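Read through the structure below, which is laid out as structure tokens, and then see the notes.
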Amino acid sequence: MAAARCASRPLQLTLALLKPDAAAHPLVLEAVHAVILRHRFLIVRAKELRCGAEQSRRFYREHAGRFFYQRLVEFMASGPMWAYILAHENAVPLWRSLMGPTKVFRARHSDPDSIRGAYGLTDTRNTTHGSDSSASASREIAFFFPEFDEQRWYEQDEPQLRRGQLYYSAEERVHRVLRAEEAQVQIQGSSGHHCCPCPQQCPQGICSGSCVSSHRFESCCPQCC
Ligand SMILES: Nc1ccn([C@@H]2O[C@H](COP(=O)(O)OP(=O)(O)OP(=O)(O)O)[C@@H](O)[C@H]2O)c(=O)n1
Ligand SMILES: Nc1ncnc2c1ncn2[C@@H]1O[C@H](COP(=O)(O)OP(=O)(O)O)[C@@H](O)[C@H]1O
């Protein structure tokens, strides 16, 4: 059974966007994805999408009239993005603190190791978005993932994820609930193998990529499993 990550408090959800400036650069995308895994977020959903001009205007409607609104909505519609639903006990504030300040030039000065400090290009092209409250997260998740049923997720998946019954699918780039029958197969067939929710955070580099097909460690790293 994979019990690599247990949370004592309910998991909070947040919406993270990897904006078009990040999506344009595979290495930046990978680096931000690695930050997500390293900080023990669970990736509940992840998908590439393209925001149309109208959708982009609606998403940022609270900024209508600000001097940067037009460039912001054009930028958000300028290319593909990645949208993530992230779960963590502290998802909203943790993701926002990892992003760093909105303004990239401020971020570079005050939080150079934050995502925006490290990868942001300008105050508009600042790499990531994160919900600013739980209520915004619910609204924004519904905006980008209309098929996601948050209430059902809390009823069915969250209790299992919280207990650590999960695995990381490197192919799909999301964490998945380990269902009872899968867990049984794993116990029978594993003889001590563990399922890895954190393939990119092995400090010794042993685990990287090792669970792509079977989600199982062949050479298990004691430090992260
Ligand atoms: N009236 C303005 C114009 C600009 N700026 C700040 O200056 C930054 C840089 O402006 P500009 O040179 O126009 O931006 P670009 O380098 O073209 O980059 P981007 O459009 O991606 O922000 C803006 O993002 C904004 O933070 C501002 O505070 N007030
Ligand atoms: N002064 C600015 N100049 C250019 N773009 C800005 C500025 N302020 C905000 N933006 C853009 O608008 C987005 C939304 O702004 P806001 O909601 O205030 O920040 P955050 O994304 O940190 O929650 C920012 O992420 C950024 O892309």
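No lab work stands behind these numbers, since they all come straight from the coordinates. If you're wondering where the values come from, they're calculated on a predicted model, not measured in any experiment. Ideal geometry is used to build each Cβ from the backbone, glycine not excepted, and the neighbour counts take in all protein chains shown.
Give me the number: length gained by fully extending Ala180 to Ser110, i.e. 0.36 nm times residue separation minus the C-alpha to C-alpha distance, one decimal in nm.
Working: separation 70, 0.36 × 70 = 25.20 nm, distance 4.67 nm.
Additional length available on full extension: 20.5 nm.
Enter the Cα centre distance for the pair segment 2-62 and segment 128-182, rounded to the nearest angstrom.
11 Å
Give the residue list of trypsin sites (Lys or Arg not before Pro) in segment 1-70 that are DSSP loop and have at most 12 other beta-carbon atoms within 10 angstrom.
Arg66
Test of understanding: ordering Ser56, Ser110 by Cβ neighbours within 10 Å, fewest first, what list do you get?
Numbers: Ser56 19, Ser110 12.
Ranked by crowding around the Cβ, least crowded first: Ser110, Ser56.
In segment 49-149, what GluC sites (Glu not before Pro) fall in a loop by DSSP, with at most 15 other Cβ atoms inside 10 Å? Spell out each step's value before the answer.
Working: sites: Glu54, Glu62, Glu74, Glu89, Glu140, Glu147; in loops: Glu89, Glu147.
Counting only loop positions with at most 15 other Cβ atoms within 10 Å, the GluC sites (Glu not before Pro) in segment 49-149 are Glu89, Glu147.
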